[in-house]
Structures are given as C-alpha cells and as structure tokens.
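Note sheet for the following structure.
The values are calculated or read from the model by the stated rules, or taken from the named source; none is laboratory data. Predicted model, so just to flag it, every value in this text is computed and none were measured. Virtual Cβ from ideal backbone geometry, glycine too; neighbours counted across all protein chains shown.
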Amino acid sequence: MKALIPAIALAALSVPLVAQPITPAMPEVREVIGDPASAPQTGESAEQIIEETSAVVRCPVCQGLSIADSPSQMAVEMRGVVREMVHAGYSKEQILQYFATSYGEFVLLDPPRRGVNWIVWIAPLIILLAGAAILMRAIRRRAEPPAEAATEPAGETDPLLLRARAIGEGVSEGE
C-alpha cells in the first residue's frame, strides 16, 4: 500500500502537465505590432494576402516548409493567426514583423539581409567560388608537364652519362 501512494501522487501531479497545450502561447498582436495598417480585408484580396504571407513564414516544427505547405498542427494554428490578422486589417509586413518578433527572424523563409544574416546569403557564394578555384588549380596541375620532363635533357649535364658516352665513342673509335 505504501508503494501505491507515491505512484498515485505522481499520476495526480502529471495530469496538469499533460493537459498543457503543446504550442507556446502567442503574444497579443496589438502589444507586438500595434494597430492594423488598413481596414479589415475580405474576399479575394484577403485570400491572396493570406497565401502570400503563409508562403514566406517557416513552420517551426517542419523547418524546411512554409506554414502554407506544412501539415503540422502548429502550421495550421499559425495559418489561422495569419487569417485572423488579415481579416483584422493587418498588412503582410505587419504580420511578418509579428512572427519575427514572436519566433525570431529564423521563422522567415527569406530573412532580411542585415547583420549576421549576411552570412546566410554570402556563404554559398564564397563556397562556390572556393570550389571553382580549387577545381581550376587541379585542372592546371594536370595540364602541366611533369617537373622532370620540363628540365633540359639529362644527357647534356649529367657527368656519368657524359663519361659513358665518351667511353662508348672511344670503343667505337678503337675498332
């Protein structure tokens, strides 16, 4: 019976932990970015803004997909937030600012080109140029003749070879 009491207490304490939502609570929109930039949007223009915005926000769960393409529950909730914000009159820029403030600039599939983010934009170019330089150097090395063949013939300066020639000439002269 004494062993059963700690197990029941542990189970009772873990119920509130299990009942907590998996996704973090998102901050209040007006606290982060202020009032909407325009009048509430509806119809096709609202759907276009929703699609464009959802296509450039990264899903924090899938990370390689936008929230428009991700099947995760988090992406569904984020698309709902985008929809609510567009219908409330927030612009695409305000919505992107809201998500960047809430999750960090990592959440943007096209991060701004400033500060440390320049590494993301410049590193592939530097790696590509370095690879091209290494490849060209390797091609030039293969095209060059070997170092031994590039020097003057050994017969003209090698004393052993000169002596052998002299002996050979002397034998042919002696016959």
The helices (runs of 4 or more DSSP H) lying wholly within segment 1-58 that contain at least 3 residues that are at pLDDT 80 or above are 43-55
Any chance you could count how many residues in segment 72-87 are in contact with a Phe, Trp or Tyr (Cβ under 8 Å, 6 or more places away or on another chain) and within 20 Å of E44 (Cβ to Cβ)?
1
If you check every pair at least six apart or on different chains, which have Cβ atoms under 9 Å apart with a residue in segment 30-59 that is surrounded by 13 or more Cβ atoms within 10 Å (Cβ to Cβ) and of a type in the set (S, T, Y) first and a residue that is in a loop (DSSP other than H, G, I, E, B) and at pLDDT 85 or above second?
T53/I67; T53/A68; S54/I67; S54/A68; S54/D69
Could you say whether any residue in segment 111-119 is in contact with a helix residue (DSSP H, G or I) (Cβ under 6 Å, 6 or more places away or on another chain), surrounded by 12 or more Cβ atoms within 10 Å (Cβ to Cβ) and either modelled with pLDDT of 90 or more or part of a loop (DSSP other than H, G, I, E, B) (or both)?
yes
Does Y90 satisfy being of a type in the set (S, T, Y), touching a residue at least 24 places away in the same chain (Cβ under 8 Å) and within 20 Å of Q41 (Cα to Cα)?
yes
In contact (Cβ under 8 Å) with a residue 12 or more places away in the chain and touching a strand residue (DSSP E or B) at 6+ places or on another chain (Cβ under 8 Å) - does that describe any residue in segment 109-118?
yes
Would you confirm whether or not segment 154-166 contains a residue that is farther than 30 Å from T53 by Cα, among the polar types (S, T, N, Q) and at pLDDT 70 or above?
yes
So which residues in segment 60-75 are within 13 Å of L108 (Cβ to Cβ) and surrounded by fewer than 16 Cβ atoms within 10 Å (Cβ to Cβ)?
Q63
